[in-house]
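Novice: Take this structure, written in structure tokens, and hold onto it; I'll ask about it next.
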Amino acid sequence: MHIRDWPEAERPREKLLARGPGSLSDAELLALFLGSGRAGQDAVSCARTLLSNYDGLRKLLDRDANALTQLRGIGPARACLLAAALELGQRHLAAQLQRGEALARPDAAGRYFCQRLRGLRHEVFAVLYLDTQHRALGFEELFRGSIDGAEVHPRIVVQRALAHGAAAAILGHNHPSGNPQPSAADRAVTTRIKQALALVDIRLLDHFVIGDGAPTSMAELGMV
């Protein structure tokens, strides 16, 4: 059955307009970007097949545009559309930070670090700089490493925080393994950076570890 023959309340577009995008499943959201299916499959069925074959939405969309073009059921046009949608979401988050909007909830920073760092093949260490009201001043990826780690220099973190005129900072880095639990090295470098920032009256608010699932807040674990 073609999607146009479904009950109106169950069609992805109509469902989104009536109940909002959060009401759609991963397959239904993906189907909106696919637009149509393949022979014998409507767009939603095609989307379900893609999600099943490529281990879910995150692993599917972690591929870059060139890799997406190679997947059956996507091709160049759809790959570009998906890549553009992801980039648009990231730029929307970045625009909120650039406007200086206050980070009213700790999880907002965690989501931002997830958007920027999740899915990277190498470890990246980044810093979000904040003013006295915890509004974002800037975001920088300071250190990149191998798949096993990144060498982090507290001196550079302090220098860049001073350059931004920051009153506070939030750290974040990804674990390419997917394990979001802080390592002993993560705890040690967090302590060193916190001490270094304190010498110039800059507060370290949190350090997020990005892996599979929700980001891990080291502040919530009592490690900051």
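The values are calculated or read from the model by the stated rules, or taken from the named source; none is laboratory data. Model, not experiment: these values are computed from the prediction. In this analysis, Cβ positions are derived from the backbone assuming ideal geometry, glycine residues included, and neighbour counts consider all displayed protein chains.
Novice: May I ask you to list pairs of residues, at least six apart or on different chains, whose Cβ atoms are under 8 Å apart, with the first in region 9-23 being more than 14 Å from Ala47 (Cβ to Cβ) and acidic (Asp, Glu) and the second being at pLDDT below 90 and assigned to a helix (DSSP H, G or I)?
Specialist: Filtered contacts from region 9-23: Glu14/Glu8.
Novice: So, in region 148-207, exactly how many residues are over 19 Å from Ala109 (Cβ atoms), in a helix (DSSP H, G or I) and not basic (Lys, Arg)?
Specialist: The total comes to 13.
Novice: Out of Leu60, Leu30, Leu71, I need the residue that is of a type in the set (A, V, I, L, M, F, W, C), part of a loop (DSSP other than H, G, I, E, B) and within 27 Å of Pro176 (Cβ to Cβ). Which one?
Specialist: Matching residue, one of Leu60, Leu30, Leu71: Leu71.
Novice: Between residues in region 195-224 that are under 11 Å from His173 (Cα atoms) and residues that are among the basic types (Lys, Arg) and part of a loop (DSSP other than H, G, I, E, B), which pairs lie under 7 Å by C-beta distance while being six or more apart or on different chains?
Specialist: Going by the 7 Å Cβ cut-off, the qualifying pairs are Ile210/Arg118.
Novice: Among the residues of region 35-60, which ones are under 22 Å from the mean Cα position of the chain (by Cα) and either touching a residue at least 40 places away in the same chain (Cβ under 8 Å) or over 18 Å from Leu81 (Cα atoms) (or both)?
Specialist: Ser52, Tyr54, Asp55, Gly56, Arg58
Novice: Within region 113-155, which residues are loosely packed, with under 15 Cβ neighbours inside 10 Å and not basic (Lys, Arg)?
Specialist: Result: His122, Thr132, Gln133, Ser146, Ile147, Asp148, Glu151.
Novice: Of everything in region 1-52, what is of a type outside the set (Ser, Thr, Tyr), exposed (fewer than 12 other Cβ atoms within 10 Å of the Cβ) and under 15 Å from Gly73 (Cα atoms)? Give them in sequence order.
Specialist: Hits for region 1-52 are Gly35, Ala39, Gly40.
Novice: How many residues does region 159-183 hold that are of a type in the set (A, V, I, L, M) and under 21 Å from Arg144 (Cβ atoms)?
Specialist: The number of residues fulfilling the criteria is 5.
Novice: On to the next question. Restricting to region 123-147, name every residue that is within 19 Å of Lys194 (Cβ to Cβ) and in a loop (DSSP other than H, G, I, E, B).
Specialist: Residues satisfying the conditions are Asp131, Thr132, His134.
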